[in-house]
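Written below as structure tokens is the structure these notes are about.
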Amino acid sequence: MARTFERKALYEEVWATSLSTLGPKYGLSDNGLRRICKAMNIPLPPAGHWTKVAAGQPIWVRDVAMALAVLGNQ
């Protein structure tokens with residue numbers, strides 16, 4: 001079954017929740033969803049991002065202006 005994704009919507013979801021949580025929502029593994037993001041040139045949170053969020057540690061946030069510029073070039 002083919003599924004289509006909107007780039008901006010997927011970007012927002014990927015930065016709102018982990019791939020391991022988001023993947024099953026679409027019937028995919030986290031690696032399957034990661035591949036889709038790579039193919040669509042969607043930046044992903046760095047390794048350890050969600051662990052830091054869960055621990056309440058400060059996190060690195062990708063430059064929103066840059067990300068929006070990338071997403072604007074669909």
Filtering region 18-42 down to residues that are surrounded by fewer than 14 Cβ atoms within 10 Å (Cβ to Cβ), closer than 23 Å to Ala54 by Cβ and polar (S, T, N, Q) yields Ser20, Thr21, Ser29, Asn31
Among Gly48, Gly56, which is surrounded by 10 or more Cβ atoms within 10 Å (Cβ to Cβ) and either touching a Leu at 6+ places or on another chain (Cβ under 9 Å) or among the small types (Gly, Ala, Ser) (or both)? Gly48
I need every pair where a residue in region 53-66 that is over 20 Å from Tyr11 (Cα atoms) has its Cβ under 9 Å from the Cβ of a residue that is outside any loop (DSSP other than H, G, I, E, B) and at pLDDT 85 or above, sequence separation at least 6 or different chains. Gln57/Thr51; Pro58/Lys52
Which residue, of Gly27, Gly32, is in a loop (DSSP other than H, G, I, E, B) and at pLDDT 90 or above? Gly27
Of all residues in region 7-17 being closer than 11 Å to Ile42 by Cα and out of contact with any helix residue (DSSP H, G or I) (no Cβ under 8 Å at 6 or more places or on another chain), the one that is surrounded by the fewest Cβ atoms within 10 Å (Cβ to Cβ): Ala9
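The values are calculated or read from the model by the stated rules, or taken from the named source; none is laboratory data. Just so we're clear, the structure is a prediction, and the values are computed from it rather than from any experiment. Note: ideal-geometry Cβ built from the backbone for every residue, glycine included; neighbour counts use all protein chains shown.
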